[in-house]
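K.L.:
Here it is, the structure in full.
The values are calculated or read from the model by the stated rules, or taken from the named source; none is laboratory data. Please read all numbers here as calculations on a predicted model, not as lab measurements. Here the Cβ positions follow ideal geometry from the backbone for every residue, glycine too, while neighbour counts run over all protein chains shown.
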Amino acid sequence: MNALKFTVASALLVVGSSHAAGTLSVTREVTIDSTPATVWKLVGNFNALDVWHPAVSKSELNGSGTKVGTRRALTLADGKQMLVEQLTAYDAAKTSYSYTIVSGPLPVVNFKSTISLSATPDGKTLLKWTSNFEAPAGAEDANAARAVEAIYDGGLAKLVNNFARQ
């Protein structure tokens, strides 16, 4: 996977002007050259998105990092936009957590997402990032999906590069 440069502002440019038609889903998977336990130390920290995602410059928690209901306020890379997400499930034993978007600039509503890790047969990590959401009125489904895909691709490319063995 090529490293991708991404900003939320560029995702917002793909918002169209027709009515949303229903629930959409996006799933991305990557294999990371490290064990799930090692990858979880970074990805499993609900307050570390600013460390591994290029579109996020700052993350601040309102609550405990593993308690359902905890919110993270993400300052986006442009320094002007904020995204607020809320933890809805956290299971360190299963290396998985889920969250929703409470507010932010993305062209989505009813957004629910899960990040999960599992071991591959060769001891690496399969990271799966999934979401279900709707495009808001006035946005095209395909454009909303492309915005989420671009966000996932940017973060996952950086993770793969962070753990690449030199």
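K.L.:
Quick one: in the stretch 62-93, of everything that is in a strand (DSSP E or B) and among the aliphatic types (A, V, I, L, M), which residue is surrounded by the most Cβ atoms within 10 Å (Cβ to Cβ)? Break it down stepwise before answering.
P.N.:
Step one: list which residues in the stretch 62-93 are in a strand (DSSP E or B), which gives 62, 71-76, 82-91.
Narrowing further to those that are among the aliphatic types (A, V, I, L, M): 73-74, 76, 82-84, 87, 89.
On the way: Ala73: 16, Leu74: 23, Leu76: 21, Met82: 13, Leu83: 21, Val84: 15, Leu87: 21, Ala89: 12.
Looking at residues that are in a strand (DSSP E or B) and among the aliphatic types (A, V, I, L, M), I get Leu74.
K.L.:
While we're looking at this one, here's another question. Conditions: (1) modelled with pLDDT under 95; (2) under 16 Å from the mean Cα position of the chain (by Cα). Thr23 meets all but one. Number of the miss?
P.N.:
(2)
K.L.:
Identify the residue in the stretch 94-109 that is part of a strand (DSSP E or B) and aliphatic (A, V, I, L, M) and, among all such residues, is nearest to Thr23 (Cα to Cα). Show your work before the answer.
P.N.:
Within the stretch 94-109, the first condition is being part of a strand (DSSP E or B), and the residues that meet it are 96-103, 109.
Keeping just the survivors that are aliphatic (A, V, I, L, M) gives 101-102, 109.
Numbers: Ile101: 15, Val102: 17, Val109: 10 Å.
Ranking the candidates gives Val109 first.
K.L.:
Additional query: For the stretch 73-87, how many residues meet the condition of being modelled with pLDDT of 95 or more and either closer than 11 Å to Thr100 by Cβ or out of contact with any strand residue (DSSP E or B) (no Cβ under 8 Å at 6 or more places or on another chain) (or both)?
P.N.:
4
K.L.:
Can you tell me which residue in the stretch 48-61 is surrounded by the fewest Cβ atoms within 10 Å (Cβ to Cβ), limited to those that are assigned to a loop (DSSP other than H, G, I, E, B) and of a type outside the set (Gly, Ala, Ser)?
P.N.:
Among residues in the stretch 48-61 that are assigned to a loop (DSSP other than H, G, I, E, B) and of a type outside the set (Gly, Ala, Ser), the one surrounded by the fewest Cβ atoms within 10 Å (Cβ to Cβ) is Pro54.
K.L.:
Which of the residues spanning the stretch 126-152 are within 20 Å of Arg165 (Cα to Cα) and either outside any strand (DSSP E or B) or touching a Ser or Thr at 6+ places or on another chain (Cβ under 6 Å) (or both)? Even if it seems obvious, please write down each step before you answer.
P.N.:
First, the residues of the stretch 126-152 that are within 20 Å of Arg165 (Cα to Cα): 126-127.
Correct list: Leu126 only.
K.L.:
Quick one: count up the residues across the stretch 83-125 that are aliphatic (A, V, I, L, M) and in contact with a Ser or Thr (Cβ under 6 Å, 6 or more places away or on another chain). Lay out the reasoning, then the answer.
P.N.:
Initial filter on the stretch 83-125 (aliphatic (A, V, I, L, M)): 83-84, 87, 89, 92-93, 101-102, 106, 108-109, 115, 117, 119.
Add one more test, that the residue is in contact with a Ser or Thr (Cβ under 6 Å, 6 or more places away or on another chain), and what stays is 84, 87, 89, 117.
Final tally of qualifying residues: 4.
K.L.:
Out of everything in the stretch 54-102 that is among the aliphatic types (A, V, I, L, M) and under 13 Å from the mean Cα position of the chain (by Cα), what residue ends up being farthest from Ala147 (Cα to Cα)?
P.N.:
Leu87
K.L.:
Still on this model: Please enumerate the residues belonging to the stretch 153-166 that are more than 9 Å from His53 (Cα to Cα) and either touching a strand residue (DSSP E or B) at 6+ places or on another chain (Cβ under 6 Å) or of a type outside the set (A, V, I, L, M, F, W, C) (or both).
P.N.:
Asp153, Val160, Asn161, Asn162, Phe163, Arg165, Gln166
K.L.:
Let me ask you something else. Does the stretch 113-139 hold any residues that are of a type in the set (S, T, N, Q) and within 18 Å of Asp91 (Cβ to Cβ), and which are they?
P.N.:
Result: Ser113, Thr114, Ser116, Ser118, Thr125, Thr130, Ser131.
K.L.:
Check the stretch 32-47 and report whether any residue there is of a type outside the set (Gly, Ala, Ser) and in a strand (DSSP E or B). Explain how you work it out, then say what you get.
P.N.:
Going through the stretch 32-47, the residues of a type outside the set (Gly, Ala, Ser) turn out to be 32-33, 35-36, 38-43, 45-47.
Checking the rest, the ones that are also in a strand (DSSP E or B) come to 32.
Yes, some residue in the stretch 32-47 is of a type outside the set (Gly, Ala, Ser) and in a strand (DSSP E or B).
K.L.:
Looking only at the stretch 103-117, filter to residues that are small (Gly, Ala, Ser) and surrounded by 14 or more Cβ atoms within 10 Å (Cβ to Cβ); which one of those is nearest to the chain's Cα centre (by Cα)? Steps first, answer last, please.
P.N.:
Here is the first cut: in the stretch 103-117, the ones small (Gly, Ala, Ser) are 103-104, 113, 116.
Next, from what is left, pick out any that are surrounded by 14 or more Cβ atoms within 10 Å (Cβ to Cβ): 104, 113, 116.
Values: Gly104: 13, Ser113: 7, Ser116: 11 Å.
Filtering first and then ranking leaves Ser113.
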